[in-house]
Amino acid sequence: MRTSYLIFLEIRQRWLNFLLSLLAVVAATALFVSFFTTGQASKQETVRLMRDMGFNLRILPEKTNMEEFWKTGYSEYTMPESHVYSLASKEAISYAHLTAILQGKILWQEKEIILTGIAPELSPPGKKKPPMAYSIERGTLHIGFEIAQGLGLEKGNKIDIFGKPFLIAQTLSESGTDDDIRIFAHLKDVQILLDKEGRINEIKALQCLCVVEDKNINDLTLLREQLTQVLPDTKVILIKSIALARESQRMMAEKYFAFIVPFVVVVCMAWIGILAFTNVRERRHEIGIMRALGYGSQKIASLFLGKAVVVGLAGAAIGFVLGTFLAVKFGPSIFKVTANMIAPEMNLLYWALIFSPAVCMLSAFIPSIIAVTQDPAVTLREE
Amino acid sequence: MNMVRLEHVRKFFRTKQGDVNALDDVSLSVRENEFVVVRGPSGSGKTTLLLSIGGMLRPTEGQILVNGQDIYAQNNRERAHFRAENIGFVFQLFHLVPYLNVVENVLLPSGTGKKQYVRKDAEELLDRLNLSDRMLHRPSQLSAGEKQRTAIARAMLKNPGIILADEPTGNLDPENSREIITHLVKFQKSGGTVIIITHSSNVDSYADRIFYLDKGKIDNRHA
């Protein structure tokens, strides 16, 4: 009589035991599948949200006095605007967004204002990304909150700065930073106003997702070395708090998942193991008589391990369908920004079909050993 | 020729209450084509004797030969194979597999050994045991007598040289008991050897010989 036939008949007889084991595998597989399916969307969403926190890398002229820089908020020295294009063209340097900036303090309408010129953002070659800072048209201004409030400026107003006409494209909401006393304009316009054409005093960069895993900032050291080769007259500041926040946010989901995975696997294995052990206890007379009829250890173990494989395969298939359904159905409402990234991942089915039976066999291994080593002389004497 | 020979067989069990002498220097022999009854009260060591002869309980001392083979000189695999080909078991509690029907239970031994047995072999046996109308029933749908007849059919499938029966009528009424014994006698008449262990005397009249076991020893006073 074939082992597979015996397994099938036994499952039909003790369907509740099978169903409970199946339930454990389905639940675990569905959890993993839904996590992984939504995981990519979650990661992208985190990147998008973190990106909105601002740049984390500032490249300044080498001679910049840092005490003055932190006092005034900008470098008194300048560097060629071409630096940003040199940097942007280097594939060896990791960055996500680059923006050339020229800032300078001016007295306008009896107010001390930081005039900030922003160039259109640059992305790495072949990786066009949506801009994360203001995109400012030439001849237009974005007015900081305090200045707009103090001077009664509104969107659509036309004003002159040093004789050059501008249209106010936007008045900014209160930021709680020195952005509130800034006027933002296109880099070219500010270069003209400050009489520093072709010059900038800062390059801001988002050096995303790979910077500060090591708190010794080895990545920054590496970046500084790379920058020295490309831009010998610059220095780099890492805004650690932003970088760390970005990194820790990204890692949080992974850590959470790293905790959940072994936890679920252990609980699932324990569940299946207990059910397999119960199954062995329930079948001890059957094992005893099989022994008496000459069945060997291998054949008896294969009855239990084979059943575990059936549970694993069925659980993997059902769990994949359920997990995918849950991810596709509910994922978009959780990850609204990246909802369109949530789609069935067929390779998860293949992994599930490999791992689930393996885990089930591992869970049923000890009960199988108990079944094999069970003394038929004892069980056959039981009444 | 001796089908079974035991020489100075001892079997101790170590328990919390101390050592138990289940078999104490038992020597006996059963000839081929003999119908032997081993009688004795509960706890006398009858089942230990049966399982030892069946190759499922290694004696502490002594030698057991079945069909000329020292079965405990064999390794587990060889002994399992030997058991499958040479020995049939019948138990008081039937020990039928609950999820197999009658035919499938009878065919269960076909999962061992080289020779394949088919449904027709089982059906012929069941016909001889008056179970042809119960072939597709599960054990839970059978009477006690039918269960035991199924167990006998299972024991006889491979046409073993010997059937070891542990209280085969213990759970049966007198009519079913007689029928079971009749089938075992038929097996003996067809050339097989039967050893029945029991605590009652209702099988004595069928026996060629009766051994009495008391506290693990053969009691020759009854011989």
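Atom-type composition of the exposed protein surface of the protein assembly as shown places 55 percent of the accessible area on carbon and sulfur (1.4 angstrom probe). Partner shielding of B:87-95 amounts to 4, given as the average count of beta-carbon atoms from other chains within 10 Å of each residue beta-carbon.
Which of the residue pairs A:LYS71/A:LYS105; A:LYS63/A:LYS105; A:LYS299/B:LYS186 have a Cα-Cα distance greater than 21 Å in the structure shown? Result: A:LYS299/B:LYS186 exceed 21 Å. Residue by residue along A:11-17, Cβ atoms of other protein chains within 10 Å of the local Cβ number 1 on average. The mean count of C-beta atoms from other chains within 10 Å of the C-beta of residues in B:52-61, rounded to a whole number, is 2. Projecting the alpha carbon convex hull of the stretch A:257-349 along each direction and taking the average yields 8.1 nm². Distances between placed amide hydrogens fall under 5 Å for B:PHE211 paired with B:VAL37, B:VAL38, B:ARG39, all partners being 5 or more residues away or on another chain.
Quick check on the stretch B:66-223: take the gyration tensor over C-alpha atoms, sort the square-rooted eigenvalues as a ≥ b ≥ c, and tell me if it's rounded (a/c under 1.5), prolate or oblate. Because a/c hits 1.5 or more and a/b fails to exceed b/c, the stretch B:66-223 counts as oblate. Per-residue 3J(HN,Hα) values for the stretch A:318-328, derived from phi via the Karplus relation 6.51 cos²θ - 1.76 cosθ + 1.60 with θ = phi - 60°, read 5, x, 5, 4, 5, x, 5, 4, 4, 5, 6 Hz in sequence order (x marks Gly and Pro). Ignoring ligands and nucleic acids, what accessible area does B:HIS8 show with a 1.4 Å probe (Å², nearest 10)? Looks like 110 Å² after rounding.
Note on A:THR72 and A:LEU20: the extension gain reaches 11.9 nm, defined as 0.36 nm multiplied by sequence separation minus the Cα-Cα distance.
With the highest mean first, a sort of the peptides A:75-84, A:257-266, A:285-294 on other beta-carbon atoms found within 10 angstrom per residue produces A:285-294, A:75-84, A:257-266.
When each of the peptides A:306-314, A:368-376 is scored by how many other beta carbons lie within 10 Å of its residues on average, the order from highest to lowest is A:306-314, A:368-376. Checking the table A:LYS155/A:LYS329; B:LYS115/B:LYS189; A:LYS158/A:LYS235 against a 31 Å threshold on Cα-Cα, which pairs fail? Pairs exceeding 31 Å: A:LYS155/A:LYS329; A:LYS158/A:LYS235. Taking the average, over residues, of other Cβ atoms within 10 Å as the packing measure, peptides A:156-162, A:15-21 rank A:15-21, A:156-162 from highest down. Accessible area buried by the pairing of B and A, both sides summed with a 1.4 Å probe, works out to roughly 2400 Å².
Accessible surface calculations at 1.4 Å, restricted to protein heavy atoms, place the stretch A:312-375 at 56 Å² per residue.
The values are calculated or read from the model by the stated rules, or taken from the named source; none is laboratory data. What you see is a predicted model, and the numbers here were worked out from it, not measured in a lab. Because the Cβ atoms are built from the backbone with ideal geometry, glycine has one as well, and the counts that use them run over all protein chains shown. Just so you know, the surface numbers come from the protein's heavy atoms only, side chains and all, with ligands and any DNA or RNA stripped out. Shrake-Rupley method; radii C 1.70, N 1.55, O 1.52, S 1.80 Å.
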